[in-house]
Amino acid sequence: MKSFRKRGRGVSVILSVLLILMLLAGCSNEEAASGDVSSVGEINLTYVKSPLNVPSIIQKHKGLFEGEFGQDDIEINLYEITAGPEQTQALAAGELDFLNALGGTSAILAASNGVDLKIISIYSRAPKAFTILTNSDEIQGIADLQGKKVGGPKGTVLHQLLVTALNSENLDQDDVEYINMDIPLALSSLMNGSVDAALLAGPAALQALESGAEVVTTGEGLVEGTIVVAVRGEFLQKYPDLVKRFLKVQKESLEFIDENIEEAYEITAQETGLTIDDVAMMYEWYDFDLTINESDIKELELTQEFLMENGMMENAIDIEALIEYIE
């Protein structure tokens, strides 16, 4: 009888110890899920000021991210990486946490190739900012591009604009001599006559127009020019509160612009080398609303169709699953 009681007490002690350990483990898991910000020494994000990313320029100039995260002794590192593939590669390698202005095309391509990223907001929509320009008197409209040399960056919103514009005239990319080149080279090639038309955006388009180039078409009615904000999936899972605070800074920068528009123009002009008048004119081309709307999802789905149809990606993804709605 005594032996049974001793064993009973022993079992009770063991069960109590196990219960305590389970509770401690539960607490530990909760801490891991919420993310202990004291373990975060730095946040790495992209700084992309072109074509005319006024919110990013204000965030940098006013030190908004530093102000928000500095209270937790978190260092903010800004990296001027503008090419989408380079951005997503750095994110996949864990070298970047946020891609603060990433082309929708690059986000979809990266996700299709297994990069763990989530879209947490729209950065901008700017159909007027994306253009096809020419110096040729022979080109009066989209149909006149047939048989002509067209230069611009492959796998981008501009490339999508070209294909969509051609399709609107029952043409396709094979009906033009398309040459893959970045925007600066496309601009210089247009100016020196190496190409008949160029795919240009933002200040480069403005420079071409001021040099006498004519607009063949903008993105209006063809593409929205959707740019997104993305976060590394692992970072979001570990530190959801930091992601919320990141979006808080995004909203604060938009509020500053709305309340101090002339100062925002001046700061942007200083950062980009444009005149204040040029900034004010181009700013009207942009919609910087962060909200992810149904129309944005549809546009991203159309972008995926463009990538698939033009052989730039093989595996379709669920666009909805790529988006994380942060409350």
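For the range 263-276, a residue qualifies if it is over 21 Å from the mean Cα position of the chain (by Cα), open to solvent by 50 Å² or more (accessible area, probe 1.4 Å) and closer than 20 Å to GLY63 by Cβ, and the qualifying residues are GLU263, GLU266, GLN270. Does ALA198 satisfy the condition of being open to solvent by less than 10 Å² (accessible area, probe 1.4 Å) and either assigned to a helix (DSSP H, G or I) or touching a His at 6+ places or on another chain (Cβ under 6 Å) (or both)? No; evaluated as a whole, the condition is false for this residue.
Taking first residues from the range 38-65 that are over 25 Å from MET281 (Cα atoms) and partners that are assigned to a loop (DSSP other than H, G, I, E, B), the Cβ contacts under 6 Å between residues at least 6 apart in sequence or on separate chains come to VAL40/ILE74; ILE43/ILE74; ILE43/ASP97; ASN44/LEU96; ASN44/ASP97; THR46/ILE81.
Condition check: in a helix (DSSP H, G or I) and either touching a Cys at 6+ places or on another chain (Cβ under 9 Å) or open to solvent by less than 70 Å² (accessible area, probe 1.4 Å) (or both). Does GLN250 satisfy that? Spell out how you get there, then give the answer.
Details: in a helix (DSSP H, G or I): yes; either touching a Cys at 6+ places or on another chain (Cβ under 9 Å) or open to solvent by less than 70 Å² (accessible area, probe 1.4 Å) (or both): yes.
Considered against the rule, which asks whether it is in a helix (DSSP H, G or I) and either touching a Cys at 6+ places or on another chain (Cβ under 9 Å) or open to solvent by less than 70 Å² (accessible area, probe 1.4 Å) (or both), GLN250 comes out as yes.
Checked against the criterion of being closer than 30 Å to ASN180 by Cβ, surrounded by fewer than 19 Cβ atoms within 10 Å (Cβ to Cβ) and touching a helix residue (DSSP H, G or I) at 6+ places or on another chain (Cβ under 7 Å), the range 202-215 has at least one qualifying residue.
The residue pairs whose first member lies in the range 226-237 and is farther than 14 Å from GLY114 by Cα, whose second member is part of a helix (DSSP H, G or I) and open to solvent by 10 Å² or more (accessible area, probe 1.4 Å), and whose beta carbons are closer than 6 Å, counting only pairs six or more residues apart or on different chains, are THR226/GLU299.
Can you find, within the range 30-40, the residue that is modelled with the lowest pLDDT among those that are under 13 Å from GLN71 (Cα atoms) and open to solvent by less than 50 Å² (accessible area, probe 1.4 Å)? So, considering only residues that are under 13 Å from GLN71 (Cα atoms) and open to solvent by less than 50 Å² (accessible area, probe 1.4 Å), the one modelled with the lowest pLDDT is VAL37. Close Cβ contacts (under 7 Å, 6 or more residues apart or on different chains) running from residues in the range 251-273 that are under 21 Å from ILE122 (Cα atoms) to residues that are open to solvent by less than 70 Å² (accessible area, probe 1.4 Å) and polar (S, T, N, Q) comprise SER253/GLN59.
Tell me whether the range 77-85 contains one or more residues that are among the β-branched types (Val, Ile, Thr) and open to solvent by 50 Å² or more (accessible area, probe 1.4 Å).
Initially, the range 77-85 is screened for residues among the β-branched types (Val, Ile, Thr), giving 81-82.
Then keep just the ones that are open to solvent by 50 Å² or more (accessible area, probe 1.4 Å); that gives 82.
Yes.
Of the residues LEU109, LEU102, which single one is crowded, with 18+ Cβ neighbours inside 10 Å, touching a residue at least 40 places away in the same chain (Cβ under 8 Å), among the hydrophobic types (A, V, I, L, M, F, W, C) and more than 21 Å from ILE326 (Cβ to Cβ)? Before you say what the answer is, go through the steps one by one.
Details: LEU102 fails: more than 21 Å from ILE326 (Cβ to Cβ).
Among LEU109, LEU102, only LEU109 is crowded, with 18+ Cβ neighbours inside 10 Å, touching a residue at least 40 places away in the same chain (Cβ under 8 Å), among the hydrophobic types (A, V, I, L, M, F, W, C) and more than 21 Å from ILE326 (Cβ to Cβ).
Just for the range 225-247: of the residues that are more than 13 Å from ASP97 (Cα to Cα) and assigned to a helix (DSSP H, G or I), which one is farthest from the chain's Cα centre (by Cα)? Even if it seems obvious, please write down each step before you answer.
Kept after step one, since they are more than 13 Å from ASP97 (Cα to Cα), are these residues of the range 225-247: 225-228, 241, 244-245, 247.
Still in the list and also assigned to a helix (DSSP H, G or I): 241, 244-245, 247.
On the way: ASP241: 20, LYS244: 17, ARG245: 18, LEU247: 13 Å.
Residue satisfying both the conditions and the ranking: ASP241.
The values are calculated or read from the model by the stated rules, or taken from the named source; none is laboratory data. Because the structure is a prediction, the values reported are computed rather than measured. FYI the Cβ positions are ideal-geometry reconstructions off the backbone, even for glycines, and counts take in every protein chain you see. Keep in mind that these areas ignore ligands, DNA and RNA; they rest on the heavy atoms of the full protein, side chains included. Shrake-Rupley method; radii C 1.70, N 1.55, O 1.52, S 1.80 Å.
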